[in-house]
Every structure is written in C-alpha cells, then in structure tokens.
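> Handing you a structure now.
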Amino acid sequence: MQEKLTKLLKDRRMLGGLGAAILIIVIAVLIHGRTVNVLQNKYFEPKYEGIDTQSYITYKSRYQLYKSIGDILAKKAKLTEMETEAIVGDGSNTSYILDGDKVNDYLEEHYFDLSNTDKEHLSLFKRWASEITISVSVNGKETSTSGLKNGDKVTFEIKVAKDAEKKNPIRASKKTYKVSGLKERKTISLSSVYSNLKMKAEGVESKHKSENSIQFSYTGKQKLDLGDLDDSYDNKGYVNGDKVTVKASTLLKELRENNPDYKFTGSGNHTYTVSGLDAVSLSGQEC
C-alpha cells in the first residue's frame with residue numbers, strides 16, 4: 001500500500017512539473033506572438049546601388065526599415081492617421097522616429113487640440129520607440145555601409161531594452177544579408193593607360209618653374225580622370241630633351257582615387273621626353 005501511495009505522489013509531481021513547463025511555453029509563445037520581427041522580408045529587405053567594391057545600401061532601404069517600425073508602433077499605440085503621417089511619414093525621419101523628437105514636435109504644435117487619451121497614445125509610442133536601437137555591421141564589424149562588394153555580409157540587429165522586451169511591439173531580432181548581384185568593375189591595365197597617356201609641354205625653355213608647364217591627358221576610349229597628376233610633375237622648369245618619368249605608384253593613386261568604376265592593375269614606370277618648348281636666344285628673346 002505504501003509503495004502504491006509513493007508512486008501516485010511521484011506521478012502527480014511529474015505531471016505537475018510537466019504542466020508548469022507547458023504553461024511557461026504557452027506564455028512565451030503568446031508573448032512572442034504579440035511582437036513583430038521587422039527583419040522579415042515583407043517589412044524590410046536591403047537594396048544596393050553602385051558597382052562591386054563601391055556599392056552602398058540605398059537610403060530608400062533604410063527608410064523602409066524605420067517606416068516599418070514606426071507604422072507598427074503607431075498602430076499598436078492607436079495613433080491616428082494624421083499623427084502617424086506626421087511622425088513616421090515615409091521613414092526618412094530615421095533616428096528622429098526613435099529618439100522622440102518627432103513626437104515632441106507634434107505635441108508642441110497640437111498640444112491644446114489633443115485629448116488626454118491622444119497624449120497618452122503619443123507618450124506610449126515615444127516610450128516604445130526609445131526602447132529600440134538599430135545597429136548595422138559589415139562582415140562582423142560596425143563600420144560604414146558604403147564600399148560594399150559582392151560576398152560581403154551585412155547584419156542588421158534590432159535591439160529592445162531588456163526590461164521592455166515583453167511589452168514592446170517590436171521583437172529583438174538579428175538577420176544577415178549577403179551582398180550579391182553587383183556589377184563587376186572593368187579592369188584596365190597600366191600598360192594600356194600608358195599607351196594613351198600623352199604629355200604636352202608649353203612655354204619657353206627655362207629651369208624656372210614660372211616659364212613653362214607640362215600637362216598630361218588621356219586619349220583612350222574611357223574617360224579617365226587623372227586627378228592631380230599634373231601637379232606631381234609640374235613643379236620645376238624644363239628644357240627640351242629633359243626626361244620626365246611617371247611613377248606607377250603616383251599614377252595608380254590618382255586613377256584609383258578618381259575613377260571608382262574601374263579596377264587598375266599593373267606596374268612599371270614610363271618616361272617621356274620634353275619637347276615643344278620655345279627656345280630662348282642669348283639676348284633673352286624667344287627665337
């Protein structure tokens with residue numbers, strides 16, 4: 001008899017423990033169900049502009065994320081359409097939606113026209129928004145989201161203050177997107193650049209810088225910007241026959257800084273001979 005009673009009590013404890021576990025799961029599901037994951041595709045999906053290694057997340061994509069958050073909070077806080085439009089709009093207010101500035105502006109402008117219930121709803125929106133932060137990282141590092149390339153992993157994370165996770169309509173979430181589909185940059189070899197890089201000298205023969213100058217121009221099909229290449233060599237006077245050596249490091253620096261749509265490869269310097277300067281006679285007059 002004692003054994004049967006002990007077994008019955010043990011079974012009841014097991015059932016009670018199981019019931020408690022189920023209850024906890026049900027409560028968790030209910031709480032989870034009341035929150036919204038704004039990183040689902042129907043709310044947000046990043047778009048990119050630019051070419052490989054020079055791409056960036058479009059502003060429209062960012063606005064979409066803030067608008068999704070703002071619209072959800074506005075609906076849950078029972079804001080009117082006019083209030084939602086003024087505070088959330090198209091999402092371009094970005095951080096002002098979350099830090100409460102737009103709510104403060106609206107309250108200041110319409111304070112005497114609002115009922116106490118309206119003010120409570122706006123205050124609730126503001127509190128929920130203040131509990132949310134958004135962070136973006138590229139390949140695991142919080143850095144600029146410009147200069148993106150195919151294969152980069154961009155991670156968006158929505159954080160909700162820990163003491164507010166159960167009541168805030170926005171769910172803390174994290175999602176990583178892989179950058180793909182960017183147009184590859186066209187590669188141009190340095191030897192190809194040199195074959196179309198022309199040097200022109202103007203002025204009179206003189207070792208004084210003020211008497212002459214040299215300029216470089218590119219005559220190839222691509223419209224390449226040479227940046228400040230002239231300044232790197234137009235720093236002294238020349239006479240016909242002088243040699244001017246364009247260093248690969250100098251040329252590549254200017255090309256890469258001023259032509260992001262192209263990829264430049266190669267090495268080697270190139271030497272030009274100065275010609276075309278007017279000669280000066282012994283009397284100091286041009287010949």
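The values are calculated or read from the model by the stated rules, or taken from the named source; none is laboratory data. Note that this is a predicted model, so its numbers are computed, not measured. Reconstructed Cβ throughout: ideal geometry from the backbone, glycine too, with neighbour counts over all protein chains shown. Side chains are part of the model used for accessible areas, which takes the heavy atoms of the whole protein and leaves out ligands, DNA and RNA. Shrake-Rupley method; radii C 1.70, N 1.55, O 1.52, S 1.80 Å.
> With respect to Glu85, determine if the residue is in contact with a Phe, Trp or Tyr (Cβ under 7 Å, 6 or more places away or on another chain) and open to solvent by 40 Å² or more (accessible area, probe 1.4 Å).
In short, no.
> Taking the stated definitions as given, is Gly100 modelled with pLDDT under 95, within 17 Å of Lys76 (Cα to Cα) and under 23 Å from the mean Cα position of the chain (by Cα)?
No: the conditions fail for Gly100.
> Restricting to segment 130-178, give me the number of residues that are of a type outside the set (S, T, N, Q) and part of a strand (DSSP E or B).
Matching residues across segment 130-178 total 19.
> Across segment 224-233, what is the total count of residues that are touching a Phe, Trp or Tyr at 6+ places or on another chain (Cβ under 9 Å) and open to solvent by less than 40 Å² (accessible area, probe 1.4 Å)?
4
> From the residues in segment 188-201 that are part of a strand (DSSP E or B) and open to solvent by less than 80 Å² (accessible area, probe 1.4 Å), which one is nearest to Val274 (Cα to Cα)?
My answer is Ala201.
> Hey, any hits in segment 120-139 for a residue that's touching a strand residue (DSSP E or B) at 6+ places or on another chain (Cβ under 9 Å), within 27 Å of Ser55 (Cβ to Cβ) and open to solvent by 60 Å² or more (accessible area, probe 1.4 Å)?
yes
> Anything in segment 237-266 that is more than 19 Å from Thr53 (Cα to Cα) and loosely packed, with under 13 Cβ neighbours inside 10 Å? List them, or say none.
Gly241, Lys243, Thr245, Ser249
> Can you name the residue in segment 267-287 that is open to solvent by 50 Å² or more (accessible area, probe 1.4 Å), at pLDDT 90 or above and not polar (S, T, N, Q) and, of all such residues, is farthest from Phe216 (Cα to Cα)?
Of everything passing the filter in segment 267-287, Asp278 is farthest from Phe216 (Cα to Cα).
> Please tell me if Tyr262 is within 30 Å of Ser135 (Cβ to Cβ) and of a type outside the set (Lys, Arg).
no
> Still on this structure, I have one more. Take Ile51 and tell me if it is at pLDDT below 90 and not in a helix (DSSP H, G or I).
yes
> Filter segment 192-220 for residues that are in contact (Cβ under 8 Å) with a residue 40 or more places away in the chain and touching a Gly at 6+ places or on another chain (Cβ under 6 Å) and give the result.
Ala201, Ser206, Asn212
> Here is a further query. Restricting to segment 153-187, name every residue that is within 23 Å of the chain's Cα centre (by Cα), open to solvent by 20 Å² or more (accessible area, probe 1.4 Å) and among the small types (Gly, Ala, Ser).
Listed by number, the residues that qualify are Ala172, Ser180, Gly181.
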